[in-house]
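Take a look at the structure set out below.
The values are calculated or read from the model by the stated rules, or taken from the named source; none is laboratory data. Here the structure is a predicted model, which is why all the values come from computation and not from measurement. Because the Cβ atoms are built from the backbone with ideal geometry, glycine has one as well, and the counts that use them run over all protein chains shown.
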Amino acid sequence: MINTQYISTEPGGEATNDISRDTEDHMAVVNPVPKDKAGGDLKPIYEDLVNRLGRVPNFFGVMAHRPEVLKHFVPLYGAIVSQGTVEPKLKELAYLKVSVVNGCEY
């Protein structure tokens, strides 16, 4: 089961999962799979991420709720970030800026 929390978004919508009957919409926030709970197929993926990045970023930890998806996404993401003429740091800056423009928490 995916561990979720609910946060308010824009006013005027219907609440989800009957957590509130006020006038605000609520959005589920999916929490990352903690490293100590990553067993089976996730363990080698998490170990690889820690070896390469020093940690498991939340982005990958959330995707870990679907291990098969994460397994195929990590190589794709690596190819996107590490190949091409744009430096990886600039690519990261671009997607962080888009997140801010779109009002994402991070």
Task: Tally of residues being of a type outside the set (A, V, I, L, M, F, W, C) and closer than 19 Å to Asn31 by Cβ across segment 45-79 - done: 8
Task: Inter-residue pairs, beta-carbon under 8 Å, first among the basic types (Lys, Arg) and in segment 27-45, second in a loop (DSSP other than H, G, I, E, B), 6+ apart - done: Lys35/Val56
Open item on the list: Quick check on my filter: what residues within segment 47-62 are in a helix (DSSP H, G or I) and within 21 Å of Pro88 (Cα to Cα)?
Closed with: Asp48, Leu49, Val50, Asn51, Arg52, Leu53, Asn58, Phe59, Phe60, Gly61
Open item on the list: Among (1) farther than 27 Å from Lys37 by Cβ; (2) exposed (fewer than 10 other Cβ atoms within 10 Å of the Cβ), there is one condition Leu76 misses while meeting the rest; what is its number?
Closed with: (1)
- [ ] Find all pairs meeting these conditions: Cβ atoms under 8 angstrom apart; at least six residues apart or on different chains; first residue within segment 81-106 and over 17 Å from Pro57 (Cβ atoms); second residue at pLDDT below 95 and hydroxyl-bearing (Ser, Thr, Tyr).
- [x] none
TODO: Would you point out the residue of segment 80-99, among those that are closer than 25 Å to Pro34 by Cα and hydrophobic (A, V, I, L, M, F, W, C), that is surrounded by the fewest Cβ atoms within 10 Å (Cβ to Cβ)?
DONE: Leu96
Open item on the list: Of the residues Gly78, Gly103, only one is more than 12 Å from the chain's Cα centre (by Cα), at pLDDT below 95 and not in a helix (DSSP H, G or I); which?
Closed with: Gly103
